[in-house]
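The values are calculated or read from the model by the stated rules, or taken from the named source; none is laboratory data. Nothing here was measured: the structure is a model prediction, and the numbers come from that model. All Cβ positions, glycine included, derive from the backbone under ideal geometry; neighbour counts span all protein chains shown. Only protein heavy atoms, including side chains, enter the accessible area calculation; ligands, DNA and RNA are left aside. Shrake-Rupley method; radii C 1.70, N 1.55, O 1.52, S 1.80 Å.
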Amino acid sequence: MLWSEGSRIALLACGSFNPPTLMHLRMLEVAKNYLEHNLRCAVVDGIMSPVADSFGKPYLASASHRIAMVRAASETSSWIRVDDWECVQPRWSRTLSVMKHHRKELRERFGPDTNIALVVGGDVVDSFTKILPNGDDLWNPEEVREIITEFGLIVISRDGSNPVYTLSSMDALRDVADMVQLVVDEVCPCAVSSTKLRSAIAGGKSIMYTTPNDVIKYIHANKLYKM
């Protein structure tokens, strides 16, 4: 069963990390603390997986820059690391395929019972209903259902998001919504976003204390996000 006491679980955060922020690191830390203290699981790994350049998001820094920034951001962590498998793929990878790749590797490393859970902010859950300009779903509902039931989904609340409503409003997810772990960061609720950081940099504003100093140094050294 998912979330059973003593189960070995790795945590995965997927995204652009353009640039990484303290929120990205904090979300993984909060999820780890929740699983270990509330559910008595053993968190064995934390992975930050930047999306490939082919994702085509506006103002997306190159994968080489984003990998370097995430590596700098996670350098002082004893358990969070960056993995470049997703970002070097020639085509954009759906999250489910990224999870399957890492689960296979983790089971070879930690044992066949090891699972991997996806950690997201509440705003990402709200995007489950988003439709792309070409009419396709941004998230395939059946793939999200598989993530929830076969892997695990941990949602960290964010201001302005309503993940409970979103999950209950989707026919494909309504009956499995109670399997999702919804976590509130009562210590340090964080509204920092990569979008706000890019805007601040473009406007010549300080981003100190929103992302690790080594990330800020890298951004300045490589003149990133200057409009």
Any chance you could give the angle, 0 to 90 degrees and rounded to 10, that helix 63-74 forms with the longest Cα principal axis of the chain?
70
How big is the dipole moment of the chain about its Cα centre under a simple scheme where the beta carbon of each Lys and Arg is +1, that of each Asp and Glu is -1, and everything else is neutral? Debye, nearest 20, please.
920
Summing -39500 (n - 2.57) over every DSSP H run of at least 4 residues in the chain and dividing by its residue count gives a helix-only mean residue ellipticity at 222 nm, to the nearest 500 deg cm²/dmol, of -10500 deg cm²/dmol
Between Leu138 and Val184, what is the label-to-label distance in nm when each label sits 7 Å out along the Cα-to-Cβ direction?
2.5
Heavy-atom accessible area per residue - region 8-221, 1.4 Å, Å²
49
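May I ask you to give the percent of accessible area on the chain that is carbon plus sulfur, with a probe radius of 1.4 Å?
Answer for the chain is 51 percent, counting heavy atoms of protein chains only.
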First select every other residue whose beta carbon is under 12 angstrom from the beta carbon of Asp45; then total the charges, Lys and Arg +1, Asp and Glu -1.
+4
Putting +1 on Lys and Arg Cβ atoms and -1 on Asp and Glu Cβ atoms, find which of Ser54, Ala200, Val144 reaches farthest to the positive end of the dipole of the chain.
Ala200
Based on Cα positions only, what radius of gyration and what Dmax would you give for region 92-227, in angstroms?
17.9, 50
As a Kirkwood estimate from alpha-carbon pairs, region 1-46 has a hydrodynamic radius in angstrom of 11.3
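I'd like the Kirkwood hydrodynamic radius of region 148-227, using the inverse of the mean 1/r over distinct C-alpha pairs, in Å.
Its Kirkwood hydrodynamic radius stands at 15.5 Å.
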Taking the Cα-to-Cβ direction at Ser4 and at Leu39 and moving 7 Å from each Cα, how far apart do the two end points lie in nm?
1.3
Tell me the net charge near Ser64. Cut-off is 13 Å between Cβ atoms, Ser64 excluded, with +1 for each Lys or Arg and -1 for each Asp or Glu.
0
Kindly give Rg over Rh for region 88-136, based on alpha-carbon atoms, with the Kirkwood expression for the hydrodynamic radius.
1.09
Return the equivalent ellipsoid semi-axes of region 137-191 as a descending list in whole Å, where each equals the square root of 5 times an eigenvalue of the C-alpha gyration tensor.
22, 12, 10
How much net charge surrounds Asp171 when only the other residues with a Cβ under 14 Å from the Cβ of Asp171 are counted, with Lys and Arg +1 and Asp and Glu -1?
-1
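Give me the mean projected area, in nm² to one decimal, of the convex hull enclosing the Cα positions of the chain. Kindly include the intermediate steps, with their values, before the conclusion.
On the way: hull surface 50.3 nm².
For the chain, averaging the hull's shadow over all directions gives 12.6 nm².
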For Asp84, Asp178, what's the largest-to-smallest order of accessible area, 1.4 Å probe?
Asp178, Asp84
Can you count the Lys pairs in the chain whose Cα atoms are under 16 Å apart, with each pair 8 or more apart or on different chains?
8
Tell me the angle of helix 95-110 to the major Cα principal axis of the chain, expressed in degrees between 0 and 90 and rounded to the nearest ten.
70
Going 7 Å from the Cα of Trp79 toward and past its Cβ, which residues in region 32-63 have a backbone nitrogen under 16 Å from where you end up?
32-48
Can you figure out the FRET efficiency of His220 with Ser168, using R₀ = 35 Å and their beta-carbon distance, to the nearest 0.05?
0.20
